[in-house]
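To start, the structure under review is shown below, and the notes come after it.
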Amino acid sequence: MAEENTPLRILDYGISDKETFLIGRIISQWGAIEHEIFMQCLLTYDDKEKIALPKAMNNLSFTDILDLWKERVANKEKLKERQEILLQQYENIKSLKDYRNALIHGMWNWNIDEPEVIKTIRIRKKEIITVKFKTEDLEDFFKQVARILFHVKYPGGIGELMEERMARGMYISRTGYEMLFGEKKPDE
């Protein structure tokens, strides 16, 4: 029988819809942080120089790119207040990396004795790492990641965001577009 004719069977893997939603938001925000940091690093290289980008820019290790970002972007920021904000985001990202890795790379599980707790288990160099999460932990983590993304992109704060939007002119988010025009995408 063809696979497309087989009814879809979705197993309950023990994570609530709210937890799944929060995990998705965390992953998308963290991905946006990685993208923003990569692009900011990339813009520090002058393509006229025709230099080979360093190995860190191969995008295989976010830690390497993050260190390069600290060196080429955060440390070189001329305005002290902005530099302090960028360096604080560097420290924040480093401090949250293990928690992020638990979410992304862990094997999920829960126990009937603690139904409000989900946990991930992963192995790193023969070490078993277990991290427990409650819904409130995921909400808090999402907020921390969202704040980091905002400050990495706009270390000058909300005023910098508004200046960018005003310079760009008309702006509509993807969510706003879908609210106005439904699920139809711009290229359809």
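Please state, to two decimals, what the Cα-based radius of gyration of the chain comes to when divided by 2.2 N^0.38 Å (N = residues). Please report the intermediate quantities before stating the final value.
On the way: Rg = 20.4 Å, N = 188, 2.2 N^0.38 = 16.1 Å.
With N residues counted in the chain, Rg over 2.2 N^0.38 Å equals 1.27.
Of the residues Ile23, Ile85, Ile158, the one that moves most in a GNM of the chain with alpha-carbon contacts below 10 Å is Ile158. Only helices enter the 222 nm calculation for the chain: every DSSP H run of n ≥ 4 contributes -39,500 (n - 2.57), and dividing by all residues gives -17500 deg cm²/dmol, rounded to 500. Solvent-free Debye calculation, one equal scatterer per alpha-carbon of region 100-188: log10 I(q)/I(0) at 0.20 Å⁻¹ equals -0.97. When the pairs Lys55/Lys97; Lys97/Lys134; Lys70/Lys125; Lys76/Lys153; Lys18/Lys143 are compared against a 23 Å limit on Cα-Cα distance, Lys70/Lys125 fall above it. With N the number of residues in region 109-158, Rg(Cα) / (2.2 N^0.38 Å) evaluates to 1.62. Annotation: the residues Asp98, Asp137, sorted from fewest to most other C-beta atoms within 10 Å of their own C-beta, follow the order Asp98, Asp137. Residues Phe133, Phe142, Phe21 in ascending order of nearby Cβ atoms (within 10 Å, fewest first): Phe21, Phe142, Phe133.
Every number in this text was worked out from the coordinates using simple rules, so none of it is lab data. A quick note: this is a predicted structure, and the numbers were derived from the prediction, not measured. Backbone-built Cβ (ideal geometry, glycine too); neighbour counts: all protein chains shown.
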